[in-house]
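Notes follow the structure.
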Amino acid sequence: MAAYWCFGHERSNVPYISGGLPLLGHIRILKNSTEAFRLAHAQYGDIFRFRLLGRDYYVLNDKLLFEGFKRHKELSFHQALPRMILTRAFFVVHKDNDPFHATVLRNMQPKHLERNIGHVQHMLETELDKILQRSGAGHLLDWARILPLWMMERWVRAFTHWPNHHRALRRLMVPEIERRVRLYDHQTKHVPADKPDDVLQWLIDYEPRDDPDWMFKCAMRLVGLFFAHINMAPVFFLLTLADLTGRPDLRERLRNEQRRVVGAHGATITPTALEDMTLLDACFLESTRIHAAPITLQRLVTQDTVFSDGSVVPRGSIVYMSSVSINCSAKLHGEDWREYRPERHLEPGKQRKAIAIQHEVLMFGSGRHACPGRFLAVSEMKRLACLVLRGYDFTTASGQPYQFKPLFFEPLTHWVDVGLVLCVVLLTAWIYCAFFRDLSNVPYISGGVPILGDVQVLQNSVDVFYDAHAKHGDIFRFRLYGRDYYVLNEKLLFEGFKKNKELSFPRALPRMSLTKAFFGLDEESDRFHVDMLRTVLPKQLGAVMERIQRVLEDKFHETLGASETHTIEEPYKWCLYIVSSGISQFLVGPELGSSPELFRTFVSLPIGANALFDWARVLPLWVMNLWVNMLTSWPTYRETVRRLVVPEIQRRVKLEQMPQEAAAAGAVEKPNDVLQWLLDIGPRDDPNWMTKCTQRLLGLSFASMHTTTHFFHLMMTDLASRPDIRAALRDEQRRVVASHGAIMIPAALDAMTLLDACFLETARVHSHPTFTQRLAVQDAVFSNGARVPKGSTVYMSPLTINFSASLHGNDWRDYRPQRHLEQKKHRKSTAIQHQVLVFGSGRHACPGRFLAVSEIKRLACLLVRSYDFTTLSGKPFQSKAMFFGSQVVDQPIVFTRLSPKERIG
């Protein structure tokens, strides 16, 4: 402390949140970061910072973050990515940003969902009874936000099962990859009829093969993809169910909407049918808005950055986007923004879809680095909600609504974690006191404590960021453990996009998604995923979803039983199982996707990943990598995916190398799955390209499962207490089924506007306080004079949009999907929009949002068309504040099978 006060110099003018403690910093944000960030936004405005373990973390609202996107390239997403998702520690991917996943999701995800939509729905409906346990990956991602990356990588390798997972993946997947390579590698013009249609084949097709260990990397990518998807989708699905549990009227409206959509599109929940379910979409948006994390993806400030408001974020700072300023904005969502009211997203002039990149509800980030898997996640979550609603009603067994509690601080209750934190606190505090200088003029949120920083953002970041935006405007910052994090609103973030190249998304990506720790991906900017998602996914999405729809239907009926009523004690795990059953086959095809070992691995990926992502925002990236490799099972997961997928890749490659005449004689059909997409577009000049392909598949799987489960759960919880919305969703589905058939083709999902509005409302209500982060690669100065120093992490805050009373009415706290339908032009949830921020915005908007929304809406359609549901307690789900967001307090849901006359399709 003496060295700091004698020699230290403040490099940033961003205000700290209040309540920090010596050495530890603002540790109170670990208890309720949403509330801490909301209050900080109200007090400091657009940007503030908090300190944890001697490091400052900056939280920006969407205004400043988009200013950083447009004008400042110092806010690097890619440099923050390894810390964010621990790609190297988890999935053995050794680049900071791996665009391979985004390429697969954006280019191939939509078209495969379009072609296989029935199969996805069928698979999800048949595997709802197998809910597996959490892997702890989210816990590691949380630690990666505040611990050094090298520490996290060593942690994963030394104290977790990830090395075992890697060996298992190599043993199981490499032979399959080799088999696929033999069968399909020579097929360049004519796709064989029997070629697997799964993510593994996509990865084999896309994976560069210049690496001698490319098959193992291919398997690791598969694990990463599965982890990402399965980690998010159950969360949002559970949140939606929790919010719907105590709202029987809304559930009935959703059923009516689904009946209408089914009548127009048929029983299969196609993307078009999901699109028509605007109320379901609004429920999903509302659940997401209410339960969203207070901050979203982080950025690393690569050089000193000065924002337009004069805020200065120093180089090397971690900057978070605060979703609180949008999701908790009375201006965007009305004075009732704390309430669950999906109708707010269906109001005239405010209609929005959950899959869209919007600025009223921040769900999947914003800008060009918005979650590329949001299409799959939203589609799956909405599909799950539809499947639940169409056949069951549900409520909590206790009759009490779900309660939410802060989540991030809970790992500290274990004495081992406490000891680790104390060691890291002492070391980081000494470094901070000796060398830290503030070069930014961005105000801090109030309430920081010495050393620890603005720990209140860890307790209730949504409220803290919301209040900070109200007080400081477009940009503020918070400090955690000696590091500042800048939070910008959309205005400043887009300003940074257009004018300042210092705000780098790729360089912040490692911290944001922990790509190295989780998936083993080391590349700083992997454009491969982005290109694949943007070009291949839209073309293939429908076909894949049609194929999987049947699986989903079977899983729904299997898990909910043949009796009239069935109680699900743990809705989130149920959602996770349903989502995973469909995604696993979507990734690597029906044959390999049905492998019990691979399925268990995929299901284990998202469990606990949220905590790891949260900690990655405030802990050094090396700590998160060490955490993942030492204290989690991610090494084992990576090895398992490698072992199982690489042989499939090899098999497909061999099939590609077969003469066309032999392939035609053998009726070899090219698979239509993510793995095949990866194999088709992936470079193979790396001798280890198959391993990289599995790593990319792993990342895509995680992104799709995590996002879809998260939003579908949120949407189901939102609809559980709203029978009127469920009824409206059934009516909408009947109308859509009548015109499009029972298979939920993309056109049918698009026709379900109420379902789309429910998803948007769920995403808006459960909005995170921050979105994707950027890294300031050099000093950045925004139009308001705010300065963000080089190396700072900058976050976009969606709260000023998602919680805006001006955009969503004074009832923006309520869950009201109709608000999105009341807009002059209702934009689909997959669209990049500025009324609800779900999947980010700009060029880094989530390329996988088409898959996510399609899957979520399909799940919601399948649920609503056959079941009604409510909480067993008869009370709606409640949310609790947690680190960088909120969480639905789970409670039992009672599903009631609809009568044959009421069922749809």
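No value in this document is a laboratory result; all are computed from the given coordinates. Remember, it's a predicted structure, so these values are computed and weren't measured experimentally. Cβ: placed from backbone, ideal geometry, glycine included. Neighbour counts: every protein chain shown.
Overview of values
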{"read-out": "Packing-based order for 266-277, 584-595, 640-651, using average beta carbon neighbours within 10 Å, highest first", "value": "266-277, 640-651, 584-595"}
{"read-out": "Burial ranking of peptide ranges 551-557, 726-732, 210-216 (average Cβ count within 10 Å, highest at the top)", "value": "726-732, 551-557, 210-216"}
{"read-out": "Theoretical FRET efficiency, 1/(1+(r/R0)^6), r = Cβ-Cβ of E335 and A397, R0 30 Å, to 0.05", "value": "0.35"}
{"read-out": "Rel. contact order, % - alpha carbon contacts under 8 angstrom, at least six apart, the stretch 715-779", "value": "31 percent"}
{"read-out": "Relative compactness, the stretch 708-820, computed as alpha-carbon Rg over 2.2 N^0.38 Å", "value": "1.43"}
{"read-out": "Amide H contacts of Q303 (H built 1.01 Å from N, under 5 Å, at least 5 apart or other chain)", "value": "G316, A776, V777, Q778, D779, K790, G791, S792"}
{"read-out": "Highest average packing first - 740-753, 685-698, Cβ atoms within 10 Å", "value": "685-698, 740-753"}
